[in-house]
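**Q** Before anything else, here's the structure in question.
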Amino acid sequence: MSAENATPDRADGFNPPTRKPSWKMIGPGMVVAATGVGAGDLVATLIAGSKFGYTLLWAAVIGCIVKIALAEATGRWHLATGRTIFDGWRSLGPWTTVYFAIYVVIWGFVYGATAMSSSALPLQALFPEVMPLKVWAIITGLIGLLFVWTNRYAIVEKIMMVFVGVMFVVVVYVAVRVSPDLGNAFAGLLPTLPAGSMIYTLGLIGGVGGTITMAAYGYWINAKGWTDSGWMKMMRLDNRVAYATTGIFVIAMLIVGAEMLHSSQMALASGDKGLLDLDKVLEKRFGEFTAKLFLIGFFSASFSSLVGVWHGVSLMFADFVERIRAARVGASDAGALEVARGDRERSAPFRGYLLWLTFPPMALLWLDEPFGLVIAYGVLGAFFMPFLATTLVWLLNTSRTPREWRNGWISNTLLITSGVLFLVLCIEELRDLPW
């Protein structure tokens with residue numbers, strides 16, 4: 001998705017050797033995909049399937065392509081320039097630093113409670129008499145904190161790959177059990193817009209797997225040891241395999257919604273609790289084993305998002321603090337980057353943000369409706385993906401990026417299209433708020 005190969009745009013004329021892509025090295029893409037797909041995305045996909053059957057299947061496919069383009073652009077920036085995405089944002093002006101500082105603090109506070117509650121729901125359903133939902137939520141948050149605090153990226157990647165495997169096997173298994181209508185499924189690949197489907201279509205294209213964690217992809221590939229443009233082919237293989245897996249996962253959820261809910265016109269509860277409704281339907285139709293298996297998949301989707309955010313966004317925050325400190329003392333970009341790559345997962349900013357994600361949000365577990373924070377979270381969350389798409393177009397079409405790795409027309413088209421799409425979703429998010 002980059003421009004054609006050209007003469008190296010490096011001051012020393014040196015190009016790093018190209019590493020041969022290997023399936024054995026796939027990992028960071030799976031981490032970002034698993035982190036981005038949470039319980040809320042599963043419910044949104046199920047609802048789309050329950051309302052419109054297979055009609056919007058094409059939107060799920062396009063959504064997968066959009067995410068590949070965004071993640072590829074983020075990874076390409078890190079590998080081509082040797083700079084982090086936050087370093088790139090800083091080069092666009094101080095407004096990006098102000099935006100990110102406000103966003104990451106408020107978003108982390110509210111997301112922490114959301115992630116813990118989402119992970120607790122399937123556990124309470126699996127073990128209803130053991131302890132209250134709030135206690136389960138606190139336990140999942142503490143386990144996520146302890147795991148990320150004591151392990152480095154390599155171990156985080158391994159556990160996330162396990163979660164991806166469980167999610168994938170469970171959801172595809174359930175999709176096969178409901179006996180999909182393959183004729184209607186293939187027909188759903190033809191773009192159509194039934195009446196009242198616009199918002200669901202936009203949600204399928206833009207919502208599944210699209211969060212701040214997409215910006216963390218570059219940090220994860222650096223943590224993997226991919227630090228220069230010689231890893232570009234490996235990064236692209238990693239990214240495409242991960243989002244192809246996510247696409248199959250989303251299509252499987254749409255099939256479940258179309259086959260089990262659309263025909264019976266059953267409505268799911270809003271939010272993550274909608275998955276508990278599906279659990280009851282599965283138990284009635286296929287028995288307790290399938291229902292329990294689905295709850296395990298539900299937990300894998302929720303807890304993988306928690307672990308991914310605890311690690312990935314903490315890396316971003318640590319980089320943010322390091323860059324601010326470097327600017328204050330007048331350190332060079334190269335020096336700041338060297339410090340950042342040294343031991344970021346053990347740094348005070350990394351661990352400080354881990355604590356921020358875990359302990360303050362626990363207070364929200366006792367509030368039925370944290371109204372003001374939910375509004376702030378919705379507004380800032382809606383603005384992040386247009387911000388990411390727009391800044392990537394800006395960074396990857398200018399002299400900030402070596403000429404060889406600047407955007408080609410395919411990447412520009414996909415990024416601009418996704419930026420417009422996310423802007424529309426942002427406006428809809430604002431319109432839905434109870435002003």
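The values are calculated or read from the model by the stated rules, or taken from the named source; none is laboratory data. Since we're looking at a predicted model, the values are computed, not measured. Neighbour counts run over all protein chains shown; Cβ positions are idealised from the backbone, glycine included.
**Q** Can you tell me which residue within segment 221-254, out of those that are touching a residue at least 12 places away in the same chain (Cβ under 8 Å) and part of a loop (DSSP other than H, G, I, E, B), is surrounded by the most Cβ atoms within 10 Å (Cβ to Cβ)? Spell out how you get there, then give the answer.
**A** So in segment 221-254, the residues touching a residue at least 12 places away in the same chain (Cβ under 8 Å) come out as 221-224, 226-254.
From what is left, the residues that are part of a loop (DSSP other than H, G, I, E, B) are 226-228.
Values: 226: 23, 227: 16, 228: 16.
Restricting to residues being touching a residue at least 12 places away in the same chain (Cβ under 8 Å) and part of a loop (DSSP other than H, G, I, E, B), the top hit is 226.
**Q** Here is a follow-up. Restricted to segment 193-246, and to residues that are closer than 23 Å to residue 81 by Cβ and polar (S, T, N, Q), which residue is nearest to the chain's Cα centre (by Cα)?
**A** Top of the filtered list is 213.
**Q** Any idea how many residues of segment 255-285 are of a type in the set (Ser, Thr, Tyr) and either modelled with pLDDT of 80 or more or outside any loop (DSSP other than H, G, I, E, B) (or both)?
**A** Taking segment 255-285 as the starting set, the residues that turn out to be of a type in the set (Ser, Thr, Tyr) are 263-264, 270.
Of the ones still in play, those that are also either modelled with pLDDT of 80 or more or outside any loop (DSSP other than H, G, I, E, B) (or both) are none.
Number satisfying all stated conditions: 0.
**Q** Consider only pairs whose beta carbons are under 6 Å apart and that are at least six residues apart or on different chains; among these, list those whose first residue lies in segment 287-303 and is among the β-branched types (Val, Ile, Thr) and whose second residue is outside any helix (DSSP H, G or I) and surrounded by fewer than 23 Cβ atoms within 10 Å (Cβ to Cβ).
**A** If the second residue must be outside any helix (DSSP H, G or I) and surrounded by fewer than 23 Cβ atoms within 10 Å (Cβ to Cβ), no pairs are left.
**Q** Of all residues in segment 169-220, count the ones that are among the aliphatic types (A, V, I, L, M), assigned to a helix (DSSP H, G or I) and crowded, with 16+ Cβ neighbours inside 10 Å. Please lay out each step first, then the result.
**A** If we filter segment 169-220 for residues that are among the aliphatic types (A, V, I, L, M), which is where we start, we get 169-172, 174-176, 178, 182, 185, 187, 189-190, 193, 195, 198-199, 202, 204-205, 208, 212, 214-216.
In the following step, the residues that additionally are assigned to a helix (DSSP H, G or I) were identified as 169-172, 174-176, 182, 185, 187, 198-199, 202, 204-205, 212, 214.
Next cut, crowded, with 16+ Cβ neighbours inside 10 Å only: 170-172, 174-175, 185, 202, 204-205, 212, 214.
Residues that pass the stated criteria total 11.
**Q** List, please: which pairs have Cβ atoms under 8 Å, are six or more places apart or on different chains, and start with a residue in segment 194-214 that is closer than 25 Å to residue 316 by Cβ and end with one that is acidic (Asp, Glu) and at pLDDT below 75?
**A** 207/41; 208/41; 209/41
**Q** Just a yes or no: is a residue in segment 340-357 more than 20 Å from residue 315 (Cβ to Cβ), in a helix (DSSP H, G or I) and modelled with pLDDT of 75 or more?
**A** The initial filter retains those residues of segment 340-357 that are more than 20 Å from residue 315 (Cβ to Cβ), namely none.
Taking every residue of segment 340-357 in turn, none turns out to be more than 20 Å from residue 315 (Cβ to Cβ), in a helix (DSSP H, G or I) and modelled with pLDDT of 75 or more.
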